[in-house]
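Working notes, beginning with the structure itself.
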Amino acid sequence: SIVREVAGFAPYERRLMELIKNSKDKRAKKLCKAKVGTFLRAKKKIEELQTVIAASRRA
């Protein structure tokens, strides 16, 4: 999206992406839950970041 292109990612989102890339999914979900509030929101955020990582690998 245009907002992502202009603003980029929040520091916690960059950290989450590094954890996901290093196969630390459980740790990433725990950190994300602490940042966004509920586990449902955390799972949605993790899913979003995984698609971003997959897209960057394809490009």
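Every read-out reported here was derived from the displayed coordinates using simple, explicitly stated rules and does not represent laboratory data. Since this is a predicted model, take the numbers as computed values, not measurements. Methodologically, a virtual Cβ is constructed for each residue, glycine included, from the backbone with ideal geometry; neighbour enumeration extends over all protein chains shown.
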| message | Can you give me the angle between helix 11-21 and the longest principal axis of the chain, using Cα atoms only, in degrees from 0 to 90, rounded to the nearest 10? | response | 90
| remark: Summing +1 per Lys or Arg and -1 per Asp or Glu among the other residues with Cβ less than 13 Å from Pro11's Cβ gives +1
| query | What is the calculated FRET efficiency for Ile2 to Thr38, with r their C-beta to C-beta distance and R₀ = 22 Å, to the nearest 0.05? | reply | 0.20
| note | A chain fully extended from Ala59 to Ala10 at 0.36 nm per residue, minus the present Cα-Cα distance, gains in nm 15.5 nm
| Over the chain: helical MRE at 222 nm, DSSP H runs n ≥ 4 each giving -39500 (n - 2.57), nearest 500 | -26000 deg cm²/dmol
| said: What aspartates and glutamates does Lys43 reach when the alpha-carbon gap must be under 19 Å and sequence neighbours fewer than 8 apart in one chain are set aside? | reply: Glu13, Glu18, Asp25
| request: Could you work out how far helix 25-36 tilts from the main Cα principal axis of the chain, as a 0 to 90 degree angle to the nearest 10? | output: 90
| query | Excluding Lys24 itself, what net charge comes from residues whose Cβ is under 12 Å from its Cβ, given Lys and Arg +1 and Asp and Glu -1? | reply | +4
| Over region 2-58, what relative contact order in percent results from Cα pairs under 8 Å that are six or more residues apart? | 31
| task | Mind pulling up the Rg/Rh value for the chain? Radius of gyration and Kirkwood radius, both on Cα. | result | 0.96
| So, with +1 on the Cβ of K and R and -1 on the Cβ of D and E, and no other charges, what is the size of the charge dipole of the chain about its Cα centre, to the nearest 20 debye? | 320
